[in-house]
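The values are calculated or read from the model by the stated rules, or taken from the named source; none is laboratory data. Note that the coordinates shown come from a computational prediction; the quantities given were computed from them, not determined experimentally. Cβ sites come from the backbone with ideal geometry, for glycine too, and all protein chains shown count toward neighbours. Only protein heavy atoms, including side chains, enter the accessible area calculation; ligands, DNA and RNA are left aside. Shrake-Rupley method; radii C 1.70, N 1.55, O 1.52, S 1.80 Å.
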Amino acid sequence: MTSSELWDRETAERYDAEEAETTSATVLEATVGFLAELAGDGQALEFAVGTGRVGVPLRERGVPVTGIELSEHMAAVLRRKVDEDTLPVVIGDMATTVVPGEFSLVYLVYNTISNLLTQDEQVECFRNAARHLRPGGRFVVELGVPPLRFLPPGQIAVPFDVSERHVGFDTVDPVEQLLVSHHFTRDGDDGRYRRGASRHRYAWPAELDLMARIAGLELERRVGDWDGSPFTQDSPQHISVWRRPA
């Protein structure tokens with residue numbers, strides 16, 4: 001069993017439309033280029049491949065991609081884009097599911113490691129990445145920096161989007177390192193909003209480095225974005241690359 005929340009059919013069907021800003025060729029160009037360079041002439045494995053937002057264009061770039069996905073509904077949306085021979089997908093959780101092959105790159109994007117709600121499961125995710133990597137291979141994680149600097153004493157909520165059709169804010173439990181993202185989305189023009197929420201376990205970069213060390217991986221580099229910009233104290237996210245020693 002995994003603590004990750006399972007995405008249902010309705011959520012999967014509207015996922016691409018709601019994430020349109022992150023699926024444009026302009027946005028994904030840097031992401032796909034970064035990953036393709038690390039994959040080199042090897043194969044890539046995407047944990048939580050979802051609807052193929054990154055996996056499909058990376059495959060189109062010439063990198064053989066295999067995916068692991070917990071939600072059959074998300075995988076069904078991906079399957080409309082590419083067939084099984086082009087981008088194989090195994091249904092399972094990213095902490096324990098093992099697929100055949102040896103990979104030069106395992107990657108986990110868009111804060112998805114935080115879907116694992118316990119530290120033990122996040123450690124197992126690193127171990128699972130390591131067992132799939134060939135010597136010299138890399139594990140890449142994209143993850144936001146916990147927004148605790150925005151919380152004055154006594155406040156537990158931080159807004160991250162206030163727009164015409166969407167209001168989003170996070171509530172934070174610093175003791176359990178749990179964050180709940182709340183979404184109010186207007187689907188039509190009648191003024192009604194659809195409410196949704198998702199739970200996440202946040203982790204600091206240093207904590208991830210320790211998880212990597214437990215899994216036998218070494219930090220190779222950490223940047224603030226897919227374009228390679230420096231990671232600083234003001235960076236809202238990081239892209240971290242750990243390497244399995246040769």
Among Ala212, Tyr107, Thr26 the positive-end extreme of the charge dipole of the chain (Cβ point charges): Ala212
Point-charge dipole on Cβ atoms (K/R +1, D/E -1) for the chain, about Cα centre, debye to 20: 400 debye
Computed magnitude of the charge dipole of segment 127-219 (debye, nearest 20; Cβ of K, R +1, Cβ of D, E -1): 400 debye
Kirkwood Rh in Å, taken over all unlike Cα pairs in segment 1-129: 14.8 Å
Helix runs (DSSP H) in the chain reaching 18 Å along axis by Cα, Kyte-Doolittle at least 1.0: 25-39
DSSP-defined beta bridges in the chain - what % are antiparallel, rounded to 5: 70 percent
Ellipticity estimate at 222 nm from DSSP helix runs (n ≥ 4, -39,500 (n - 2.57)) divided over the chain, nearest 500: -7500 deg cm²/dmol
Cut-off 20 Å (backbone N to label point 7 Å along Cα→Cβ of Ile156), residues of segment 110-149: 117-118, 146-149
In nm, spacing of pseudo-spin labels at His182 and Glu207 (7 Å Cα→C-beta vector): 2.2 nm
Heavy-atom accessible area per residue - the chain, 1.4 Å, Å²: 51 Å²
